[in-house]
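Colleague: Take this structure first; my questions come after.
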Amino acid sequence: MPAPAAAPRWPVDLTGDPAEIVGSTEAARVIGHPKPNRLPHGLLELADQIEHNADGTVKRRGWKRETLWHYANTVMARHSTTINDRLVLDRNGVADRLGTHISRVDAFIAGAPDNGFPPPVEDRWYDTEDIDTFADAHDQQQRDTLTKIDYTGDPDELVNKADIARIVCYRSPTNLNKSSLLDTLIELNQPEHNTTTASGRVRMRWPRRTAWAAAEQRTGRTGRPRDATRTIDRSGEPTELVDATEATRVLGYKRVANLPQALREQPDEQGPPRKWKRSTLWAHAGTNITE
C-alpha cells in the first residue's frame, strides 16, 4: 500500500481567495513559517508581484494564495503528496515504495534515463504509477539474471545445502550463504528432516521439491520486498512515548536504520532522543503496510 501524503513541515492555511495577492507577513502565516523576514529563498523566487526601489532593490514581494498553497504542497511536503490529482513520491517515498535504501534510489536517479527510471513530474517528485512500471520492469530484469533450476531427481529425496547449490546451478555452495534463497529455505525447513553430527551440529536438509519451490520464489531483488509484511506489536499504553529502539521493535523492523524517513522527521517529542507515541507508530503501520 502506498504511503500517505506527508504533511508539510508547518500547518498551512488553505482558506481564502486563491488569486488574492498577499505580502510576506501573510505569506508566512499561510504556510506556517515562523519568520516573515526570512521566507525560504525558493518561495522568494516564486513571487507573483515584485515592487522595486529607485535603486533597483526589492521593496516588497507579493504572492497569490494559490502560489503559496502549491509551494506548501510540493516543496514543503515530504515523502509523498498530490500534484494534479496524481500521487507522487520524493526520494524517501520511492525508497519506501520499492522497499530499498535511499542510496539505491539515488543510484537509480543517477542512471536515468538509460536504466529506465522515470523523470520527475515536477522538480523532485515522481509519479507513483511511473515508479511501479519501472519497478516491474526492473524486477523482470533481475529475474532474467537468475540461474536455472535443475528439476531432475526424486522430489521426495532429502538434500543438503551443497545439493541445493547444485540444483540452482551455483558455482560454489558458499554462494548460497549470500543468497536470499537460504532465508527462504530456513523458513521452510522441518526439524524432522535434519540430522545431527557426532559433534552435535545440526545439518539441515529439505525434500528436493521444497528446494525447487524455494528457488522458484527468487526475485533477484535485494532488500525488503515491496509487499513484505511485518508483525506489529499493538500492546501497551497508546500515549506512552518510546525511543527509536522500541519504535523499531514495535513496527517489526530489524534495525533502527530501517525506520522510514517520514516517521523520523515527525516525532511526537523532538528530544534528543526523538520519541513517538505508540498510537503514532500504530497509525503509521496501519497506513503503510498490509498485515
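Colleague: How far is helix 102-111 tilted, in degrees, relative to the longest principal axis of the Cα atoms in the chain, given as a value from 0 to 90 rounded to the nearest 10?
Modeller: Taking the Cα atoms of the chain, the angle to 102-111 is about 80 degrees.
Colleague: Match the structure shown to one of the listed values (i) 1.37; (ii) 1.18; (iii) 1.46 of Cα Rg over 2.2 N^0.38 Å, computed from it, and give that label.
Modeller: (i)
Colleague: Return a whole-number percent for the relative contact order of segment 19-98, with Cα pairs under 8 Å and 6 or more residues apart as the contact set. All intermediate terms of the calculation are to be shown ahead of the outcome.
Modeller: On the way: 91 pairs, mean separation 20.9, N = 80.
Rounded, it is 26 percent for segment 19-98.
Colleague: Right, here's the next one. Provide, as a two-decimal number, the C-alpha radius of gyration of segment 41-193 over 2.2 N^0.38 Å, N being how many residues it has.
Modeller: Values: Rg = 25.9 Å, N = 153, 2.2 N^0.38 = 14.9 Å.
Normalised Rg, Cα atoms only: 1.74.
Colleague: Counting Lys +1, Arg +1, Asp -1, Glu -1, what net charge surrounds ASN53 among other residues with beta carbon under 15 Å of its beta carbon? List each step's numbers first, then the result.
Modeller: Working: positive: LYS59, ARG60, ARG61; negative: GLU51, ASP55.
Summing Lys and Arg as +1 and Asp and Glu as -1 gives +1.
Colleague: What do you get for the angle between helix 65-74 and the principal long axis of the chain? Use alpha-carbon atoms, 0 to 90 degrees, nearest ten.
Modeller: Once rounded, one gets 20 degrees.
Colleague: Given a 1.4 angstrom probe, I'd like the percentage of the accessible area of segment 1-116 that is carbon and sulfur, rounded to a whole number. Please list the in-between numbers first.
Modeller: Values: 3310 of 6500 Å².
Its accessible area is 51 percent carbon and sulfur atoms.
Colleague: Which value, in Å², gives the accessible area per residue of the chain when a 1.4 Å probe is used on the protein heavy atoms? Present the calculation step by step, with values, prior to reporting the outcome.
Modeller: Details: 16920 Å² over 291 residues.
Result: 58 Å² per residue.
Colleague: Still on this model: Count of lysine pairs in the chain with Cα atoms under 20 Å apart, counting only pairs 8 or more residues apart in sequence or on different chains? If you can, show how the numbers build up before the last one.
Modeller: On the way: LYS35/LYS59; LYS35/LYS64; LYS148/LYS161; LYS148/LYS178; LYS161/LYS178; LYS178/LYS254; LYS254/LYS275; LYS254/LYS277.
Taking the chain as the scope, the lysine pair count is 8.
The values are calculated or read from the model by the stated rules, or taken from the named source; none is laboratory data. The shown structure was predicted, so the numbers you read here are calculated from the model rather than taken from an experiment. Cβ atoms come from the backbone with ideal geometry, glycine included; neighbour counts cover every protein chain shown. Quick note on the areas: whole protein, heavy atoms, side chains included, nothing else; ligands and nucleic acids left out. Shrake-Rupley method; radii C 1.70, N 1.55, O 1.52, S 1.80 Å.
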